[in-house]
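First up is the structure itself, then whatever we jot down about it.
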Amino acid sequence: MRPAWVLLAAVAALSAYYVYLPLPGTVSDPWKLMLLDATFRVVQQTCHLIHYLRLSHHLIALNYLIFTFDKLKSVSSEDINITDAIFDGVEVRVFEPPAKQDERLKRSVVYIHGGGWALASARTSLYNNLCRIMAESLNAVVVSVEYRLVPEVCFPEQFYDALRATKHFLQADVLAEYSVDPSRIAISGDSAGGNLAAAVCQQLSKDEHLAVRPKLQALIYPVLQAFDFNTPSYQQNMNMPVLPRYVMINYWIDYFNGNYDLAHSLLINNHTALDVSQAFSFRGHLNWTSLLPSSFKKNYKPVIQTTGKAEIIQEIPALLDVRAAPLLADNETLQLQPKTYVLTCENDVLRDDGVMYAKRLENAGVEVTLDHFDDCFHGCMIFTIWPTDFSAGIQTRNSYIRWLDENL
(Lines give C-alpha, C1' and ligand atoms only; values in the text may rest on other atoms or scores of the structure.)
Protein backbone atom coordinates (compact mmCIF):
# COMPACT_ATOMS: atom_id res chain seq x y z
CA MET A 1 0.00 0.00 0.00
CA ARG A 2 2.85 2.38 0.81
CA PRO A 3 3.97 2.84 -2.86
CA ALA A 4 0.37 3.68 -3.77
CA TRP A 5 0.21 6.37 -1.09
CA VAL A 6 3.55 7.76 -2.21
CA LEU A 7 2.31 7.87 -5.80
CA LEU A 8 -0.94 9.52 -4.72
CA ALA A 9 0.96 12.13 -2.71
CA ALA A 10 3.26 12.83 -5.65
CA VAL A 11 0.30 13.25 -8.02
CA ALA A 12 -1.40 15.58 -5.53
CA ALA A 13 1.77 17.65 -5.16
CA LEU A 14 2.27 17.91 -8.92
CA SER A 15 -1.39 18.86 -9.40
CA ALA A 16 -1.14 21.57 -6.77
CA TYR A 17 2.05 22.86 -8.39
CA TYR A 18 0.32 22.98 -11.79
CA VAL A 19 -2.79 24.68 -10.44
CA TYR A 20 -1.21 27.22 -8.10
CA LEU A 21 -0.51 30.70 -9.41
CA PRO A 22 0.59 33.74 -7.41
CA LEU A 23 -2.37 36.13 -7.62
CA PRO A 24 -2.90 39.65 -6.25
CA GLY A 25 -4.53 39.62 -2.84
CA THR A 26 -7.50 41.59 -4.14
CA VAL A 27 -8.65 38.93 -6.66
CA SER A 28 -12.00 37.44 -5.69
CA ASP A 29 -12.34 33.63 -5.45
CA PRO A 30 -8.60 33.07 -6.07
CA TRP A 31 -8.55 29.26 -5.78
CA LYS A 32 -11.55 28.89 -8.02
CA LEU A 33 -9.83 31.15 -10.56
CA MET A 34 -6.66 29.02 -10.36
CA LEU A 35 -8.70 25.87 -11.04
CA LEU A 36 -10.46 27.53 -13.97
CA ASP A 37 -7.16 28.65 -15.43
CA ALA A 38 -5.60 25.20 -14.95
CA THR A 39 -8.55 23.67 -16.79
CA PHE A 40 -8.12 26.17 -19.63
CA ARG A 41 -4.42 25.35 -19.89
CA VAL A 42 -5.01 21.60 -20.00
CA VAL A 43 -7.66 21.98 -22.71
CA GLN A 44 -5.53 24.42 -24.73
CA GLN A 45 -2.46 22.19 -24.53
CA THR A 46 -4.54 19.22 -25.64
CA CYS A 47 -5.86 21.18 -28.61
CA HIS A 48 -2.36 22.33 -29.56
CA LEU A 49 -1.26 18.67 -29.51
CA ILE A 50 -4.14 17.85 -31.85
CA HIS A 51 -2.96 20.70 -34.09
CA TYR A 52 0.65 19.47 -33.95
CA LEU A 53 -0.47 15.98 -34.99
CA ARG A 54 -2.33 17.63 -37.90
CA LEU A 55 -5.64 16.15 -36.82
CA SER A 56 -7.40 19.53 -36.70
CA HIS A 57 -6.74 23.23 -36.25
CA HIS A 58 -6.35 23.89 -32.50
CA LEU A 59 -9.11 26.53 -32.51
CA ILE A 60 -11.55 24.18 -34.25
CA ALA A 61 -10.73 21.49 -31.70
CA LEU A 62 -11.14 23.95 -28.84
CA ASN A 63 -14.47 25.17 -30.11
CA TYR A 64 -15.61 21.57 -30.58
CA LEU A 65 -14.93 20.92 -26.91
CA ILE A 66 -16.71 24.13 -25.90
CA PHE A 67 -19.77 23.22 -27.96
CA THR A 68 -19.74 19.61 -26.75
CA PHE A 69 -19.88 20.57 -23.10
CA ASP A 70 -21.72 23.88 -23.26
CA LYS A 71 -24.10 23.91 -26.23
CA LEU A 72 -27.66 24.90 -25.42
CA LYS A 73 -30.65 24.35 -27.65
CA SER A 74 -33.01 27.19 -28.50
CA VAL A 75 -35.59 26.37 -25.87
CA SER A 76 -37.93 29.16 -24.86
CA SER A 77 -39.38 29.53 -21.38
CA GLU A 78 -42.48 31.17 -20.01
CA ASP A 79 -40.53 34.38 -19.46
CA ILE A 80 -38.46 34.70 -22.64
CA ASN A 81 -39.09 33.61 -26.22
CA ILE A 82 -35.77 32.52 -27.78
CA THR A 83 -35.54 32.13 -31.54
CA ASP A 84 -32.80 31.84 -34.14
CA ALA A 85 -32.92 34.03 -37.25
CA ILE A 86 -30.84 35.23 -40.19
CA PHE A 87 -30.10 38.96 -40.48
CA ASP A 88 -28.62 39.77 -43.90
CA GLY A 89 -26.88 36.40 -44.09
CA VAL A 90 -25.69 36.47 -40.46
CA GLU A 91 -27.05 34.11 -37.82
CA VAL A 92 -28.49 35.73 -34.70
CA ARG A 93 -30.30 34.55 -31.60
CA VAL A 94 -33.18 36.79 -30.48
CA PHE A 95 -34.45 36.96 -26.88
CA GLU A 96 -37.94 38.47 -26.57
CA PRO A 97 -39.75 39.08 -23.27
CA PRO A 98 -43.55 38.72 -23.36
CA ALA A 99 -45.59 41.78 -24.21
CA LYS A 100 -46.94 43.69 -21.25
CA GLN A 101 -50.36 45.23 -21.07
CA ASP A 102 -50.50 48.76 -22.52
CA GLU A 103 -46.86 48.45 -23.68
CA ARG A 104 -46.28 49.40 -27.29
CA LEU A 105 -42.54 49.26 -27.90
CA LYS A 106 -39.57 47.75 -26.09
CA ARG A 107 -35.98 48.87 -25.81
CA SER A 108 -33.29 46.64 -27.30
CA VAL A 109 -29.64 45.56 -27.05
CA VAL A 110 -27.53 44.18 -29.90
CA TYR A 111 -24.99 41.95 -28.13
CA ILE A 112 -21.73 40.63 -29.63
CA HIS A 113 -20.04 37.80 -27.71
CA GLY A 114 -16.34 37.55 -26.88
CA GLY A 115 -13.84 34.78 -27.42
CA GLY A 116 -10.85 36.24 -29.25
CA TRP A 117 -12.81 36.37 -32.56
CA ALA A 118 -12.29 32.60 -32.58
CA LEU A 119 -14.19 30.94 -29.74
CA ALA A 120 -17.62 30.68 -28.09
CA SER A 121 -21.07 31.31 -29.52
CA ALA A 122 -24.37 33.00 -28.89
CA ARG A 123 -25.70 29.46 -28.44
CA THR A 124 -23.49 28.41 -25.53
CA SER A 125 -25.08 28.38 -22.10
CA LEU A 126 -22.77 31.15 -20.81
CA TYR A 127 -23.92 33.71 -23.37
CA ASN A 128 -27.45 32.32 -23.62
CA ASN A 129 -27.78 32.82 -19.86
CA LEU A 130 -26.36 36.38 -19.98
CA CYS A 131 -28.66 37.48 -22.81
CA ARG A 132 -31.71 35.84 -21.24
CA ILE A 133 -31.08 37.65 -17.95
CA MET A 134 -30.56 40.92 -19.82
CA ALA A 135 -33.86 40.46 -21.66
CA GLU A 136 -35.69 39.65 -18.42
CA SER A 137 -34.10 42.39 -16.30
CA LEU A 138 -34.45 45.14 -18.89
CA ASN A 139 -37.69 43.93 -20.47
CA ALA A 140 -35.78 44.36 -23.72
CA VAL A 141 -35.32 42.53 -27.00
CA VAL A 142 -31.75 41.21 -27.08
CA VAL A 143 -30.17 40.28 -30.41
CA SER A 144 -27.08 38.11 -29.94
CA VAL A 145 -24.91 38.06 -33.06
CA GLU A 146 -23.44 34.72 -34.19
CA TYR A 147 -20.60 36.06 -36.31
CA ARG A 148 -18.25 33.65 -38.10
CA LEU A 149 -15.06 32.70 -36.31
CA VAL A 150 -11.36 32.18 -36.90
CA PRO A 151 -10.08 30.03 -38.63
CA GLU A 152 -13.14 29.79 -40.92
CA VAL A 153 -12.73 33.49 -41.66
CA CYS A 154 -10.32 36.19 -40.50
CA PHE A 155 -10.39 39.99 -40.30
CA PRO A 156 -12.35 41.88 -41.54
CA GLU A 157 -15.13 39.28 -41.92
CA GLN A 158 -16.09 39.24 -38.22
CA PHE A 159 -16.44 43.01 -38.36
CA TYR A 160 -18.59 42.85 -41.49
CA ASP A 161 -20.81 40.11 -40.01
CA ALA A 162 -21.47 42.21 -36.92
CA LEU A 163 -22.04 45.33 -39.03
CA ARG A 164 -24.45 43.63 -41.44
CA ALA A 165 -26.49 42.05 -38.68
CA THR A 166 -26.73 45.33 -36.78
CA LYS A 167 -27.69 47.41 -39.83
CA HIS A 168 -30.32 44.84 -40.77
CA PHE A 169 -31.85 45.04 -37.29
CA LEU A 170 -31.89 48.85 -37.41
CA GLN A 171 -34.22 48.85 -40.42
CA ALA A 172 -37.67 50.25 -39.62
CA ASP A 173 -39.60 47.16 -40.73
CA VAL A 174 -37.39 44.80 -38.69
CA LEU A 175 -37.70 46.95 -35.58
CA ALA A 176 -41.46 47.00 -36.07
CA GLU A 177 -41.51 43.21 -36.39
CA TYR A 178 -39.90 42.89 -32.97
CA SER A 179 -41.82 45.84 -31.47
CA VAL A 180 -38.62 47.77 -30.69
CA ASP A 181 -38.45 51.50 -29.99
CA PRO A 182 -35.97 52.88 -32.57
CA SER A 183 -34.83 55.57 -30.13
CA ARG A 184 -33.83 53.07 -27.40
CA ILE A 185 -31.25 50.70 -28.90
CA ALA A 186 -27.82 49.89 -27.48
CA ILE A 187 -24.91 48.02 -29.03
CA SER A 188 -22.76 46.05 -26.65
CA GLY A 189 -20.19 43.28 -26.37
CA ASP A 190 -17.48 41.78 -24.19
CA SER A 191 -13.77 41.35 -24.95
CA ALA A 192 -13.44 40.70 -28.72
CA GLY A 193 -17.18 41.37 -28.89
CA GLY A 194 -16.52 44.74 -27.27
CA ASN A 195 -13.96 45.36 -30.00
CA LEU A 196 -16.55 44.58 -32.68
CA ALA A 197 -19.23 46.63 -30.93
CA ALA A 198 -16.95 49.70 -30.78
CA ALA A 199 -15.87 49.27 -34.41
CA VAL A 200 -19.45 48.83 -35.60
CA CYS A 201 -20.57 51.86 -33.60
CA GLN A 202 -17.85 53.97 -35.20
CA GLN A 203 -18.86 52.77 -38.67
CA LEU A 204 -22.55 53.46 -38.06
CA SER A 205 -21.77 56.96 -36.80
CA LYS A 206 -20.21 57.82 -40.17
CA ASP A 207 -23.08 56.39 -42.26
CA GLU A 208 -24.99 59.43 -43.49
CA HIS A 209 -27.84 57.32 -44.85
CA LEU A 210 -28.66 55.56 -41.59
CA ALA A 211 -32.07 56.54 -40.25
CA VAL A 212 -31.79 54.79 -36.87
CA ARG A 213 -28.66 54.97 -34.73
CA PRO A 214 -27.73 53.38 -31.40
CA LYS A 215 -28.58 55.45 -28.36
CA LEU A 216 -25.80 53.84 -26.31
CA GLN A 217 -22.75 51.64 -26.54
CA ALA A 218 -21.67 49.42 -23.64
CA LEU A 219 -18.22 47.82 -23.83
CA ILE A 220 -17.18 45.09 -21.39
CA TYR A 221 -13.39 44.77 -20.92
CA PRO A 222 -12.94 45.46 -24.65
CA VAL A 223 -9.78 44.77 -26.67
CA LEU A 224 -9.22 47.95 -28.66
CA GLN A 225 -5.64 48.08 -29.96
CA ALA A 226 -2.68 46.00 -31.12
CA PHE A 227 -0.30 48.97 -31.18
CA ASP A 228 1.24 48.65 -27.71
CA PHE A 229 1.54 45.35 -25.85
CA ASN A 230 3.39 47.04 -22.99
CA THR A 231 0.79 49.32 -21.46
CA PRO A 232 0.88 49.17 -17.65
CA SER A 233 -1.94 46.62 -17.57
CA TYR A 234 -0.16 44.40 -20.11
CA GLN A 235 3.00 44.59 -17.99
CA GLN A 236 1.21 44.15 -14.67
CA ASN A 237 -1.02 41.27 -15.79
CA MET A 238 1.19 39.51 -18.32
CA ASN A 239 0.70 36.15 -16.55
CA MET A 240 -2.82 36.67 -15.24
CA PRO A 241 -5.25 33.72 -15.54
CA VAL A 242 -7.75 33.45 -18.41
CA LEU A 243 -5.97 35.97 -20.66
CA PRO A 244 -2.18 36.21 -20.24
CA ARG A 245 -0.38 38.54 -22.63
CA TYR A 246 0.98 35.86 -24.97
CA VAL A 247 -2.54 34.45 -25.46
CA MET A 248 -3.91 37.88 -26.41
CA ILE A 249 -1.09 38.37 -28.91
CA ASN A 250 -1.84 34.96 -30.43
CA TYR A 251 -5.52 35.89 -30.74
CA TRP A 252 -4.48 38.99 -32.71
CA ILE A 253 -2.22 36.92 -34.95
CA ASP A 254 -5.01 34.42 -35.59
CA TYR A 255 -7.50 37.25 -36.28
CA PHE A 256 -5.17 38.66 -38.94
CA ASN A 257 -4.19 35.23 -40.29
CA GLY A 258 -0.60 36.11 -39.43
CA ASN A 259 2.48 34.09 -38.57
CA TYR A 260 3.19 33.05 -34.97
CA ASP A 261 6.86 33.81 -35.62
CA LEU A 262 5.91 37.47 -35.26
CA ALA A 263 4.71 37.04 -31.67
CA HIS A 264 7.96 38.09 -29.97
CA SER A 265 8.38 41.16 -32.20
CA LEU A 266 4.83 42.22 -31.40
CA LEU A 267 5.39 41.63 -27.69
CA ILE A 268 8.30 44.09 -27.60
CA ASN A 269 6.52 46.60 -29.89
CA ASN A 270 8.89 46.20 -32.84
CA HIS A 271 5.93 46.80 -35.16
CA THR A 272 5.42 50.34 -33.85
CA ALA A 273 9.04 51.43 -33.34
CA LEU A 274 9.99 55.06 -33.93
CA ASP A 275 11.38 54.26 -37.39
CA VAL A 276 8.11 52.61 -38.54
CA SER A 277 6.60 55.54 -40.42
CA GLN A 278 3.14 53.95 -40.78
CA ALA A 279 2.72 54.01 -36.99
CA PHE A 280 3.76 57.61 -36.43
CA SER A 281 0.37 59.29 -36.90
CA PHE A 282 -1.33 56.93 -34.41
CA ARG A 283 1.11 57.28 -31.53
CA GLY A 284 -0.68 60.19 -29.88
CA HIS A 285 -4.01 58.35 -29.95
CA LEU A 286 -2.91 55.92 -27.25
CA ASN A 287 -0.22 57.71 -25.31
CA TRP A 288 -0.94 56.07 -22.01
CA THR A 289 1.40 58.40 -20.12
CA SER A 290 -1.20 61.14 -20.61
CA LEU A 291 -4.41 59.08 -20.88
CA LEU A 292 -4.11 56.90 -17.77
CA PRO A 293 -4.46 58.05 -14.15
CA SER A 294 -1.37 57.76 -11.97
CA SER A 295 -2.98 54.92 -10.00
CA PHE A 296 -2.84 52.80 -13.18
CA LYS A 297 0.51 54.02 -14.50
CA LYS A 298 2.26 53.18 -11.22
CA ASN A 299 6.02 52.92 -11.94
CA TYR A 300 5.74 51.31 -15.35
CA LYS A 301 7.71 52.74 -18.25
CA PRO A 302 6.74 52.94 -21.92
CA VAL A 303 8.38 50.38 -24.22
CA ILE A 304 9.20 52.26 -27.42
CA GLN A 305 11.79 50.78 -29.73
CA THR A 306 14.04 53.18 -31.65
CA THR A 307 14.45 50.77 -34.54
CA GLY A 308 11.96 48.04 -35.34
CA LYS A 309 10.54 46.01 -38.18
CA ALA A 310 8.43 47.96 -40.67
CA GLU A 311 7.91 44.74 -42.61
CA ILE A 312 5.50 43.57 -39.90
CA ILE A 313 3.06 46.36 -40.80
CA GLN A 314 3.62 45.62 -44.48
CA GLU A 315 2.77 41.96 -43.84
CA ILE A 316 -0.17 42.72 -41.51
CA PRO A 317 -1.47 46.23 -42.30
CA ALA A 318 -4.62 45.46 -40.30
CA LEU A 319 -2.61 46.10 -37.12
CA LEU A 320 -3.22 49.81 -37.83
CA ASP A 321 -6.75 49.45 -39.24
CA VAL A 322 -9.33 51.27 -37.09
CA ARG A 323 -11.92 48.59 -37.91
CA ALA A 324 -9.68 46.18 -35.97
CA ALA A 325 -8.34 48.70 -33.45
CA PRO A 326 -11.04 51.28 -32.59
CA LEU A 327 -8.73 53.09 -30.15
CA LEU A 328 -6.78 54.34 -33.19
CA ALA A 329 -9.80 56.32 -34.47
CA ASP A 330 -9.38 60.05 -34.98
CA ASN A 331 -11.07 62.62 -32.76
CA GLU A 332 -13.61 63.51 -35.45
CA THR A 333 -14.93 59.94 -35.36
CA LEU A 334 -14.93 59.78 -31.57
CA GLN A 335 -17.03 62.95 -31.36
CA LEU A 336 -19.82 61.11 -33.20
CA GLN A 337 -20.06 58.25 -30.69
CA PRO A 338 -23.15 57.80 -28.49
CA LYS A 339 -23.26 57.83 -24.72
CA THR A 340 -20.84 55.12 -23.59
CA TYR A 341 -20.29 52.65 -20.77
CA VAL A 342 -16.90 50.95 -20.39
CA LEU A 343 -16.35 48.20 -17.82
CA THR A 344 -12.75 47.38 -16.89
CA CYS A 345 -11.08 44.95 -14.48
CA GLU A 346 -7.87 45.57 -12.57
CA ASN A 347 -6.55 42.05 -13.15
CA ASP A 348 -6.77 42.16 -16.94
CA VAL A 349 -4.22 42.90 -19.67
CA LEU A 350 -6.97 44.85 -21.47
CA ARG A 351 -7.72 47.21 -18.58
CA ASP A 352 -5.86 50.13 -20.16
CA ASP A 353 -7.45 49.65 -23.58
CA GLY A 354 -10.83 50.42 -22.03
CA VAL A 355 -9.58 53.21 -19.77
CA MET A 356 -7.78 54.98 -22.63
CA TYR A 357 -10.83 54.70 -24.89
CA ALA A 358 -13.07 56.11 -22.17
CA LYS A 359 -10.68 59.04 -21.67
CA ARG A 360 -10.39 59.77 -25.39
CA LEU A 361 -14.18 59.68 -25.76
CA GLU A 362 -14.53 61.99 -22.78
CA ASN A 363 -11.97 64.39 -24.28
CA ALA A 364 -14.00 64.34 -27.50
CA GLY A 365 -17.12 65.48 -25.63
CA VAL A 366 -18.91 62.11 -25.29
CA GLU A 367 -20.69 61.29 -22.04
CA VAL A 368 -18.83 58.29 -20.61
CA THR A 369 -19.19 56.04 -17.56
CA LEU A 370 -16.02 54.13 -16.66
CA ASP A 371 -16.97 51.28 -14.34
CA HIS A 372 -13.76 49.83 -12.87
CA PHE A 373 -13.54 46.76 -10.61
CA ASP A 374 -10.42 46.27 -8.50
CA ASP A 375 -11.06 42.61 -7.61
CA CYS A 376 -12.21 41.27 -10.99
CA PHE A 377 -10.52 39.55 -13.94
CA HIS A 378 -10.96 39.27 -17.69
CA GLY A 379 -14.03 37.35 -18.81
CA CYS A 380 -15.60 37.26 -15.35
CA MET A 381 -19.04 38.58 -16.37
CA ILE A 382 -20.07 35.39 -18.15
CA PHE A 383 -18.95 33.13 -15.30
CA THR A 384 -22.13 33.07 -13.25
CA ILE A 385 -23.27 29.45 -13.70
CA TRP A 386 -22.04 26.52 -11.60
CA PRO A 387 -19.32 25.24 -11.62
CA THR A 388 -17.80 28.44 -13.06
CA ASP A 389 -19.79 30.80 -10.86
CA PHE A 390 -17.76 33.71 -9.51
CA SER A 391 -18.83 36.56 -7.26
CA ALA A 392 -16.98 38.81 -9.73
CA GLY A 393 -19.34 37.65 -12.46
CA ILE A 394 -22.48 38.52 -10.52
CA GLN A 395 -21.00 41.85 -9.40
CA THR A 396 -20.02 43.02 -12.89
CA ARG A 397 -23.16 41.71 -14.57
CA ASN A 398 -25.43 43.49 -12.09
CA SER A 399 -23.55 46.77 -12.51
CA TYR A 400 -23.68 46.52 -16.30
CA ILE A 401 -27.39 45.75 -16.41
CA ARG A 402 -28.13 48.48 -13.87
CA TRP A 403 -26.40 51.06 -16.09
CA LEU A 404 -28.34 49.88 -19.13
CA ASP A 405 -31.59 50.03 -17.18
CA GLU A 406 -30.92 53.59 -16.05
CA ASN A 407 -29.75 54.91 -19.42
CA LEU A 408 -31.46 52.97 -22.22
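The values are calculated or read from the model by the stated rules, or taken from the named source; none is laboratory data. Fair warning: this is a prediction, and the values are worked out from it, not measured in the lab. No Cβ is skipped: glycine too gets one built from the backbone with ideal geometry, and neighbour counts run over all protein chains shown. These area figures cover heavy atoms from the full protein model, side chains too; ligands, DNA and RNA do not enter into them. Shrake-Rupley method; radii C 1.70, N 1.55, O 1.52, S 1.80 Å.
Answer yes or no: is there a residue in region 254-276 that is under 18 Å from the mean Cα position of the chain (by Cα), outside any loop (DSSP other than H, G, I, E, B), at pLDDT 95 or above and not aromatic (F, W, Y). Yes; the residues of region 254-276 include at least one that is under 18 Å from the mean Cα position of the chain (by Cα), outside any loop (DSSP other than H, G, I, E, B), at pLDDT 95 or above and not aromatic (F, W, Y).
Residues checked against (1) farther than 17 Å from N237 by Cα; (2) assigned by the TED database to the domain that holds Q217; (3) among the polar types (S, T, N, Q):
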| residue | (1), (2), (3) |
| --- | --- |
| Q337 | yes, yes, yes |
| D352 | no, yes, no |
| A364 | yes, yes, no |
| E367 | yes, yes, no |
| I382 | yes, yes, no |
| G393 | yes, yes, no |
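Here L119 passes the criteria (1) open to solvent by less than 10 Å² (accessible area, probe 1.4 Å); (2) within 16 Å of the chain's Cα centre (by Cα) except the one numbered (1). Determine, yes or no, whether H113 is assigned by the TED database to the domain that holds A165, at pLDDT 85 or above and either in contact with an Asp or Glu (Cβ under 7 Å, 6 or more places away or on another chain) or surrounded by 15 or more Cβ atoms within 10 Å (Cβ to Cβ) (or both). Yes: the conditions hold for H113.
If you go through region 244-274 one residue at a time, how many are polar (S, T, N, Q), surrounded by fewer than 21 Cβ atoms within 10 Å (Cβ to Cβ) and over 20 Å from V153 (Cβ atoms)?
3
Among residues of region 133-165 being free of Cβ contacts under 8 Å to residues at least 60 places away in the same chain and among the hydroxyl-bearing types (S, T, Y), the one that is most open to solvent (accessible area, probe 1.4 Å) is Y160.
In the set (1) surrounded by fewer than 24 Cβ atoms within 10 Å (Cβ to Cβ); (2) under 25 Å from E96 (Cα atoms), the condition left unmet by Q217 is number (1).
If you go through region 75-97 and keep only what is modelled with pLDDT of 90 or more and within 15 Å of I133 (Cα to Cα), you end up with I80, N81, I82, R93, V94, F95, E96, P97. Scanning region 352-399 for residues that are crowded, with 24+ Cβ neighbours inside 10 Å and touching a Pro at 6+ places or on another chain (Cβ under 8 Å) returns D352, D353, G354, Y357, F377. Here is the figure for region 334-366: residues that are among the aliphatic types (A, V, I, L, M) and not in a helix (DSSP H, G or I) total 7. Scanning region 204-246 for residues that are among the hydroxyl-bearing types (S, T, Y), outside the structural domain of V366 (by the TED database) and in a loop (DSSP other than H, G, I, E, B) yields one hit, T231. Flag not set for N195, criterion: more than 29 Å from Q337 (Cα to Cα), open to solvent by less than 10 Å² (accessible area, probe 1.4 Å) and in contact with a strand residue (DSSP E or B) (Cβ under 9 Å, 6 or more places away or on another chain). Taken together, the residues in region 277-308 that are in a helix (DSSP H, G or I) and open to solvent by 70 Å² or more (accessible area, probe 1.4 Å) amount to 5.
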